[in-house]
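Chemist: Please see the structure below; I have some questions.
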Amino acid sequence: MKYPILVLSIMLSVTLVFSAIVTDKTDLYRSVFYGGYTSNIYPRPSGEDFADKSTFGYDIYIYDKDKYYLLFKAYPFWTIAGKYPTDWGDLERGVYLSDSLPYVKGITSGYENEKLRVIFGIYTFDAALSPQELIRQKDQTIDSNSDRRPLTIPLSGYGDPFKTLIIHRLEVRPFSGIMIAVNELNLIGGKMVDIVDVNPFGILHNTFGEGFSNTMLGVDFSAVIPYGMSVYGQFAMDDFLVPQTESGSQAYKPTAFAYGAGLRKVFKEHNLYISPKIEFYKIYTWMYNRWQPLLKFTGRFGGIDIPMGFDYGNDMQGMLIGADIFTDEKMKIFLGAEYYQKGSVDLNTSYSDNEKKKLTQFWCDLFPPVTDFFALSLKIDISY
């Protein structure tokens with residue numbers, strides 16, 4: 001009887017000592033102030049815990065119906081499974097996978113050392129479709145390359161009720177304060193994922209030409225410069241049309257990019273941190289969109305499609321000026337003012353040939369009529 005009690009005591013002590021994850025960017029701002037750089041992936045094990053190469057432990061956390069997880073870590077590996085908010089990148093409004101989504105359901109896992117991080121995520125989303133959306137999902141006539149099965153079977157495309165995002169990230173830090181990362185996002189819709197899709201080591205594998213897959217490239221960088229400042233940015237490519245080799249695809253696959261860049265400065269007075277920043281964004285007209293509903297880079301919450309990247313959707317360009325204020329006592333405040341120009345194409349706009357042909361060759365112009373979009377933000381989070 002004494003051995004189960006001993007094992008249970010060890011497990012509980014490990015949990016109490018090592019149970020911690022990072023859920024926001026406050027640790028990033030601290031590292032910038034002191035001239036270093038930590039990862040910009042959230043959630044992840046806390047840096048203080050994971051710096052100890054003897055780290056081994058687990059944690060079970062239940063907060064509410066939209067936030068719970070099981071954490072396991074054994075240096076240099078870690079895994080977080082459950083339902084939780086996630087954010088990949090330095091930008092306030094990331095362009096490929098950000099906290100625009102209320103939460104994700106799935107697994108985030110990583111391997112890391114001082115110079116390299118390899119991070120893998122698999123998340124599932126609501127795949128319920130209306131009758132009209134299901135017909136659209138199965139329609140092969142828009143793109144004859146999207147399904148390898150014979151087109152003689154009407155509306156036989158992939159329509160099973162599954163939508164899954166698999167993301168692979170390779171992050172390197174060649175010098176102190178410098179981070180460069182390449183990400184592959186593979187969205188599988190209309191079929192259940194298989195072992196090829198969820199392979200954690202299947203980075204940059206070829207999934208094009210299949211009616212159940214939509215891939216996106218994400219690149220981000222951060223550089224800490226003297227006096228507590230950092231410059232950072234992200235680039236995302238959903239599609240890139242090369243007319244010389246894809247001349248037949250103008251009718252269904254427009255170029256779709258998104259990118260953002262920012263500059264921040266971190267001040268510290270006693271235990272109070274203040275970090276003003278300015279960020280610029282450009283989101284192409286057809287970014288996050290797709291003719292098959294289950295292959296849009298969106299998550300459906302309460303019947304509303306929310307882009308996995310930029311909070312306000314596509315067909316936009318503009319800037320954000322803001323400040324993050326926080327203390328070591330867990331008080332966090334965000335103040336922000338934003339101005340964008342917004343084109344008339346949104347995620348519900350029909351993916352029709354006639355509309356796309358009205359734009360320039362690379363579909364980067366805002367689709368008229370263009371309107372001004374303003375936003376003011378105030379977020380306060382006080383925890384004990």
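Chemist: Taking ASP49 and the conditions (1) modelled with pLDDT of 60 or more; (2) touching a Lys or Arg at 6+ places or on another chain (Cβ under 9 Å); (3) not in a loop (DSSP other than H, G, I, E, B), which numbered condition does it fall short on, given that it satisfies the others?
Modeler: (1)
Chemist: Restricting segment 17-28 to residues that are touching a Gly at 6+ places or on another chain (Cβ under 9 Å) and either at pLDDT 90 or above or not aromatic (Phe, Trp, Tyr) (or both), which is surrounded by the most Cβ atoms within 10 Å (Cβ to Cβ)?
Modeler: Step by step, filter segment 17-28, then rank; the result is VAL22.
Chemist: Can you tell me which residues in segment 253-285 are of a type in the set (Lys, Arg), modelled with pLDDT of 95 or more and in contact with a Leu (Cβ under 9 Å, 6 or more places away or on another chain)?
Modeler: LYS277
Chemist: Could you please find all residues in segment 261-271 being part of a strand (DSSP E or B) and aliphatic (A, V, I, L, M)?
Modeler: Result: ALA261, LEU263.
Chemist: Name the strands (runs of 3 or more DSSP E) wholly within segment 272-357 that hold at least 1 residues that are under 30 Å from GLY228 (Cβ atoms)?
Modeler: Filter on segment 272-357 gives 272-283, 316-327, 331-342.
Chemist: Taking the conditions exactly as written (among the polar types (S, T, N, Q), surrounded by 14 or more Cβ atoms within 10 Å (Cβ to Cβ) and modelled with pLDDT of 95 or more), does GLN234 satisfy them or not?
Modeler: Yes: the conditions hold for GLN234.
The values are calculated or read from the model by the stated rules, or taken from the named source; none is laboratory data. The model shown is predicted, which means the values in this text are computed figures rather than measured ones. Ideal geometry is used to build each Cβ from the backbone, glycine not excepted, and the neighbour counts take in all protein chains shown.
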